[in-house]
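One structure below.
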Amino acid sequence: MEQYNYEDEYRGQKRKFLILSGEENTIYRVFSEARFIGSISHEIDNEKVIWKTEYNILKPIATKIGEWIENSN
């Protein structure tokens with residue numbers, strides 16, 4: 001299991017997310033202030049990685065978080 005600490009700014013407010021990966025690094029669970037807020041996953045389409053989520057709160061930032069995870073490795 002991998003652990004990531006992602007930070008960004010939204011409407012002038014800093015946000016911190018704890019992201020935990022599963023054993024196969026295919027699903028990443030996202031927490032904010034110790035609360036689970038959703039998960040993101042990725043798929044490869046024509047050699048391009050596409051990050052997606054079913055959780056509305058994460059839809060605007062799923063790609064940003066996913067790309068950040070890719071660059072962290």
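The values are calculated or read from the model by the stated rules, or taken from the named source; none is laboratory data. Bear in mind that the values here come from a model prediction, so they are computed numbers and not experimental data. Ideal geometry is used to build each Cβ from the backbone, glycine not excepted, and the neighbour counts take in all protein chains shown. Accessible surface is based on the protein model in full, side chains and every heavy atom, while ligands, DNA and RNA are left aside. Shrake-Rupley method; radii C 1.70, N 1.55, O 1.52, S 1.80 Å.
Odds and ends about this structure:
- Restricting segment 33-55 to residues that are surrounded by 15 or more Cβ atoms within 10 Å (Cβ to Cβ) and among the hydroxyl-bearing types (Ser, Thr, Tyr), the residue that is nearest to residue 68 (Cα to Cα): 41
- Single condition residue 71 does not satisfy, out of (1) open to solvent by 90 Å² or more (accessible area, probe 1.4 Å); (2) modelled with pLDDT of 95 or more; (3) not acidic (Asp, Glu): (2)
- Some residue of segment 40-55 being outside any strand (DSSP E or B) and within 10 Å of the chain's Cα centre (by Cα): yes
- Inter-residue pairs, beta-carbon under 7 Å, first in contact (Cβ under 8 Å) with a residue 40 or more places away in the chain and in segment 45-58, second of a type in the set (Asp, Glu) and part of a loop (DSSP other than H, G, I, E, B), 6+ apart: none
- Filtered by the rule that a residue be of a type in the set (Ser, Thr, Tyr) and out of contact with any Phe, Trp or Tyr (no Cβ under 8 Å at 6 or more places or on another chain), segment 29-62 gives 53, 55.
- Residue count for segment 1-32, restricted to those that are surrounded by 12 or more Cβ atoms within 10 Å (Cβ to Cβ), among the hydroxyl-bearing types (Ser, Thr, Tyr) and either over 16 Å from residue 70 (Cβ atoms) or without any contact (Cβ under 8 Å) to a residue 60 or more places away in the chain (or both): 3
- Selection count where residues are surrounded by 12 or more Cβ atoms within 10 Å (Cβ to Cβ) and either part of a loop (DSSP other than H, G, I, E, B) or more than 8 Å from the chain's Cα centre (by Cα) (or both), scope segment 58-67: 4
- Against the numbered list (1) under 12 Å from the mean Cα position of the chain (by Cα); (2) modelled with pLDDT of 95 or more, residue 21 comes up short only at (2).
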